[in-house]
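Here the structure is laid out as structure tokens; the discussion comes afterwards.
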Amino acid sequence: WISPYVMGRLPQHWGGDVADTAAYRPERFAEAEAAGVSLDAYMPFGGGPRVCLGSRFAMLEGKVLAAAIIRNFDLSLTPALKTRMAEGGGELPISYASQTISFTEPLLLRVKPRRRKLGTGEVEAASPTSTAV
């Protein structure tokens with residue numbers, strides 16, 4: 001049996017002394033990764049054979065929910081972002097730091113409610129409450 005409480009406070013994994021491991025210092029994870037320490041040593045991150053079984057389902061559920069909400073809106077680039085992309089050769093300002101894709105600055109989009117056709121030829125703006133999710 002492994003105690004996550006004790007494992008998360010071991011100085012040999014997280015540097016410093018016992019008092020330092022009890023302090024709130026989120027940068028310790030970047031320091032540990034740079035030093036080659038596996039982040040699986042901090043058990044709430046979940047890794048190896050004991051990774052959370054529901055984590056993939058939760059991520060999928062989040063994507064489905066986001067798609068269900070976004071389908072009611074039309075998204076377009078702001079004029080400032082269009083200009084920035086034109087200056088950058090059509091590329092979005094993306095960073096590949098720490099093996100993840102992220103934007104170097106906020107990705108500003110223009111959001112407008114999507115209009116949908118009714119059976120009688122009328123058109124109404126879609127609302128998030130008008131569609132069952």
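Remark on residue 73: its backbone amide H falls under 5 Å from those of 114, a criterion applied only to residues 5 or more positions apart or on other chains, H modelled at 1.01 Å from N. Listed values for region 57-67 are Karplus-derived 3J(HN,Hα) couplings in whole Hz (6.51 cos²θ - 1.76 cosθ + 1.60, θ = phi - 60°), namely 5, 5, 5, 5, 4, x, 5, 5, 5, 4, 5, and x replaces Gly and Pro. Counting heavy atoms of the protein chains alone, residue 7 has an accessible area of about 50 Å² for a 1.4 Å probe.
Sorting 115, 25, 56, 110 by solvent-accessible area of protein heavy atoms yields 56, 115, 110, 25, largest first, with a 1.4 Å probe.
The values are calculated or read from the model by the stated rules, or taken from the named source; none is laboratory data. The model shown is predicted, which means the values in this text are computed figures rather than measured ones. Side chains included, ligands, DNA and RNA excluded: accessible areas come from the protein's heavy atoms. Shrake-Rupley method; radii C 1.70, N 1.55, O 1.52, S 1.80 Å.
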